[in-house]
1. What is the packing order of peptides 105-114, 33-42, 5-14, taking the mean over residues of other C-beta atoms within 10 Å and listing the highest first?
2. Among MET1, MET87, what is the fewest-to-most ranking by other Cβ atoms within 10 Å?
3. Considering amide H positions built from the backbone, and no H for Pro or chain starts, which residues 5 or more places from LEU24, or on another chain, come under 5 Å of its amide H?
4. Say R0 is 25 Å: what FRET efficiency, to the nearest 0.05, do LYS2 and SER95 get from their beta-carbon distance?
5. Please give the contour-minus-distance gain from LEU109 to ARG41: 0.36 nm per residue of separation, less the Cα-Cα distance, rounded to one decimal in nm.
6. How much length would be gained if the chain were fully extended between LEU76 and ARG15, taking 0.36 nm per residue of separation minus their Cα-Cα distance, in nm to one decimal?
Amino acid sequence: MKCQTCLKKNDFGCRFCKFCGSPLDILVCKRCNFTNYLHDRFCGGCGLDLQKGSIDKKDDVALSPEEKAAQMKYSLKDIMFDIVVDMEKERESKSRKLDKIDQETIKKLFKKKAKK
């Protein structure tokens with residue numbers, strides 16, 4: 001997967017660039033620099049069709065550098081928050097599975113000891 005920030009290639013499945021640390025599951029809008037997920041069809045900042053891949057002159061909207069920076073900073077913060085929340089949910093799910101396995105193992109051990 002190619003990093004949208006530094007344009008270097010990373011291994012398939014990586015969530016962050018090994019060279020610059022940027023999230024790899026994002027796509028920056030060519031019109032407004034809003035950060036979107038790769039699976040998004042339209043830009044969350046300006047509505048540009050992200051699958052079209054190009055900007056028509058009529059679609060081009062001039063944003064000040066401050067507006068671009070504010071949009072990018074805010075959206076990256078949101079994406080990082082979503083990633084952390086997803087990681088926390090995954091950790092809780094794995095913890096519940098391990099607890100269930102541990103409880104089942106303990107029950108089996110007690111049953112074996114009780115039979116002896």
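1. On the way: 105-114: 9.3, 33-42: 15.6, 5-14: 11.5.
The packing order, highest mean first, is 33-42, 5-14, 105-114.
2. Working: MET1 14, MET87 11.
Least crowded to most crowded, the residues run MET87, MET1.
3. Correct list: PHE16, CYS17.
4. Details: r = 34 Å, r/R0 = 1.38.
Between LYS2 and SER95 the formula returns 0.15.
5. Values: separation 68, 0.36 × 68 = 24.48 nm, distance 5.31 nm.
Between LEU109 and ARG41, full extension yields an extra 19.2 nm.
6. Numbers: separation 61, 0.36 × 61 = 21.96 nm, distance 1.39 nm.
Difference between extended and current length: 20.6 nm.
Laboratory data are not the source of any read-out in this text; all were calculated from the coordinates shown. All values reported here derive from a predicted model rather than from experimental measurement. Note: ideal-geometry Cβ built from the backbone for every residue, glycine included; neighbour counts use all protein chains shown.
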